[in-house]
Amino acid sequence: MVSEIASRENIVVEAKDVDFYYGKNQALKGVTIQIIRNKVTCLIGPSGCGKSTFLRSLNRMNDRIAGARHTGLIEIDGENIYSRKTDLMQLRRKVGMVFQKPNPFPTTVYENIAMAPRIHYGFGERELNEIVETALQKAALWDEVKDDYKRKHALALSGGQQQRLCIARTLAINPEIILMDEPCSALDPISTYKIEELIKELSGDYTLIVVTHNMHQAGRISSHTAFFNLGELVEYGTTESIFQRPAKRETEDYVSGRFG
Amino acid sequence: MASVIGDRIPSRAKLAARDARRKLNSRLFEVWLWSMGVLITLAILAVIVTIVIKGLPAMNWEFLSTGPKEGMKEGGIWPMLRGSILLMIGTLLIVLPVGVFGGVFLAEYAGTSRLVTLVRACVVALAGTPSVIYGLFGLAVFVLLITKHTSLIAGCLTLAMFALPVIVLTTESAIKAVPESFVEAGVSLGMSKWQVIRKVILPAALPGIVTGLVLSTGRAAGEAPPILFTAGIYYSTAKLTFDLEMFKKPVANLPYHLAEGYRQGSVIPEKIIWGTCLTLMLLVLLINLAAIIVRARARKRQVW
Ligand SMILES: Nc1ncnc2c1ncn2[C@@H]1O[C@H](COP(=O)(O)OP(=O)(O)O)[C@@H](O)[C@H]1O
Ligand SMILES: [Mg+2]
């Protein structure tokens, strides 16, 4: 699928024939996909179809679930991320994640962002100041918190601001890929709009893979869309083709709102 | 159709009667709850008021800051107060690392194997064990095997044994109460398990951990049985020193003094005993107050 992007260096994530199981329950069936570098790819599909499972297998968050296992191959930048050589901590720094419910740490805005760079790379005060400011600017939160971000408690921010803080937090360790699992589903329309603008802004520098159950959102923000149903990748292509000329009946029914 | 529904739903008059009965019931229940609450408060107040009234005449700065005189018949209780404070600090220094690491281990590393379940059950049982058992354990192990006579360090170790199970359990539950979403955030930022524990879980669990630490250390400080056989000494006129040697020496302390005071044939006047009682109560109340303040300040920041 997606023939127009065949060039190898454009592909950042490649999954081949991935089956995923929670115990006996199979959540993914033979998923094969190539995700393109520095674009926004949306994963859509009815709830329970395996979008989150696929997303969380890309930074191996699924490793934490007892009884979860998979077969097939997942490569990032041509490297098997489930190989024995994989440095798990490093993988997760390279593949950042933003969760459905904003989950800043219960500390100051500054500390939320400074924590990971300090722990991982031992930066000092001066470098951290720069990192925090840049991350806040990139996450379009700087203007709202610049006066008191060193003192302000993260949980005193609004939901939308918290979510942008979570994005800033992952930007601070400069990931290549940012995974977002329904990042707007807990937010009001204005906050949603701001996050969507931010996602568009970030593409070009980062590969964004965004799960959404909102098809209009997928249409607004993504260049490519993957439609999942019942654990299978039903159809994948440019967002325009998925919405305008779906090849499969299932896809057409879903994007036209007839089910899901 | 209408008649069927009409038959099944009781008339408004019937509903009103049932409603009135239920209102009366909940009214009675409320009255009962209130009277129990008042009763308990009165009982506690009675204890506190008695001790305050009887203890106050003895209480003044000199009472707290000087030693006994005239063969215990007069003077103050500074050596005992000092001993109790030392016992408490020593105990805290032992339980802080051991209890917190024990709690972290149980919550994060031990898993759910049968052995761990058994260990956890034992810790729960130990938390409910009477303190006199710890006193005898301390006597058998710390005193008879190690120091050969009662000493501050044996007392601290025994009190630590007594306080540890509760601290391990409160630490474990404070850690388990940290929302999984914080842990996920740490993991997703590439932190190792230990980094997540140190930088995310422990700071978030700190208020609960500190509260548990302070409360159970304070509770231990007021217990007589554990130190009766391990640390205590009937007041001696030996000079008080602040050095490492003091850990090896027996130490006078408030609960021991009280126990002695009530012994048959004791020469200590009643006024001094009540004064000691009041001092011990104030000491424990002070510690609990500290725990309450810590928790209240943490609550304000804790929004999840
Ligand atoms: N932690 C888990 N343990 C067991 N089953 C799970 C777990 N997470 C998801 N599942 C199952 O896997 C399937 C796919 O779930 P998920 O990937 O969360 O779907 P989606 O994100 O598309 O709604 C569902 O049937 C769900 O019940
Ligand atoms: Mg999901």
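The values are calculated or read from the model by the stated rules, or taken from the named source; none is laboratory data. Please read all numbers here as calculations on a predicted model, not as lab measurements. Quick reminder, even Gly has a Cβ in these numbers, built from the backbone with ideal geometry, and neighbours come from all protein chains shown. Surface accessibility is based on the protein's heavy atoms, side chains included, excluding ligands, DNA and RNA. Shrake-Rupley method; radii C 1.70, N 1.55, O 1.52, S 1.80 Å.
Straight-line cross-link reach from B:LYS271 at under 20 Å between alpha-carbon atoms covers these aspartates and glutamates, not counting any fewer than eight positions away in the same chain: B:GLU62, B:GLU70, B:GLU74, B:GLU260. I want to check the label-to-label distance for A:ARG64 and B:LEU96. Put each point 7 Å from Cα in the C-beta direction and report it in nm to one decimal. Result: 3.0 nm between the two label points. Average 1/r across all pairs of distinct alpha carbons in region B:130-221, invert it, and you get the Kirkwood radius: 15.1 Å. Evaluated with a Cβ-only charge set (Lys, Arg +1; Asp, Glu -1), chain B carries a dipole of roughly 1040 debye about its Cα centre, given to the nearest 20. In loop segments of region B:58-125 as defined by DSSP, the GluC sites (Glu not before Pro) with at most 10 further C-beta atoms inside 10 Å of their C-beta are B:GLU70. Legend: Rg and Dmax of the protein assembly as shown, from Cα coordinates, 32.7, 104 Å.
Only helices enter the 222 nm calculation for chain B: every DSSP H run of n ≥ 4 contributes -39,500 (n - 2.57), and dividing by all residues gives -22500 deg cm²/dmol, rounded to 500. GNM remark for chain A: springs join alpha carbons under 10 Å apart, and the peak mean-square fluctuation among A:PRO46, A:PRO117, A:PRO106 falls on A:PRO106. Partners of A:LYS150 within straight-line reach, counting lysines whose Cα lies under 29 Å from its Cα and excluding those fewer than 8 residues away in the same chain: A:LYS94, A:LYS101, A:LYS138, A:LYS194, A:LYS200, B:LYS176, B:LYS193, B:LYS199, B:LYS300.
Summing both sides, the accessible surface hidden between A and B at a 1.4 Å probe radius is close to 1800 Å². Relative to the longest principal axis of the Cα atoms of chain A, helix A:109-121 runs at roughly 80 degrees. Taking Cα centre as origin and charging only the Cβ of basic (Lys, Arg, +1) and acidic (Asp, Glu, -1) residues, the dipole magnitude of region A:133-260 rounds to 200 debye.
Helix A:125-138 and the longest principal axis of the C-alpha atoms of chain A enclose an angle of approximately 50°. Taking square-rooted eigenvalues a ≥ b ≥ c of the alpha carbon gyration tensor, is region B:67-301 rounded, prolate or oblate, where a/c under 1.5 means rounded and, failing that, a/b exceeding b/c means prolate? Prolate shape, in that a/c is at least 1.5 and a/b is the bigger ratio. Burial annotation for region B:195-222: residues with an accessible-area loss of at least 20 Å² between the isolated chain and the complete set of protein chains, computed on heavy atoms with a 1.4 Å probe, are B:GLN195, B:LYS199, B:VAL200. Of the residues B:ALA291, B:LEU136, B:GLY186, the one whose Cα sits farthest toward the positive end of the charge dipole of region B:67-301, with +1 on the Cβ of Lys and Arg and -1 on the Cβ of Asp and Glu, is B:GLY186. Here the accessible area is traced with a 1.4 Å probe on the protein chains. For the protein assembly as shown, carbon and sulfur cover 60 percent of it. Solvent-accessible area per residue in region A:32-106 equals 41 Å², computed with a 1.4 angstrom probe and all protein chains kept. Label-to-label distance, A:GLU197 versus B:ALA13, with points set 7 angstrom from Cα along the beta-carbon direction: 6.7 nm. Surface exposure of chain B, expressed per residue as accessible area with a 1.4 Å probe, stands at 57 Å². Run the quick spin-label model on B:ALA121 and B:ARG263: label points 7 Å from Cα toward the beta carbon, then report their separation in nm to one decimal. The answer from the label model is 4.2 nm. Within a straight-line Cα-Cα reach of under 18 Å, B:LYS249 cannot be paired with any aspartates and glutamates, leaving aside sequence neighbours fewer than 8 residues apart in one chain.
Among the residues of region A:134-159, which ones have their accessible area go down by 20 Å² or more when all the protein chains sit together, as opposed to their chain alone (1.4 Å probe)? Residues shielded by partner chains are A:HIS153, A:LEU155.
For the pair A:THR134 and B:THR112, a Förster radius of 45 Å applied to the C-beta separation gives a FRET efficiency near 0.55, rounded to the nearest 0.05.
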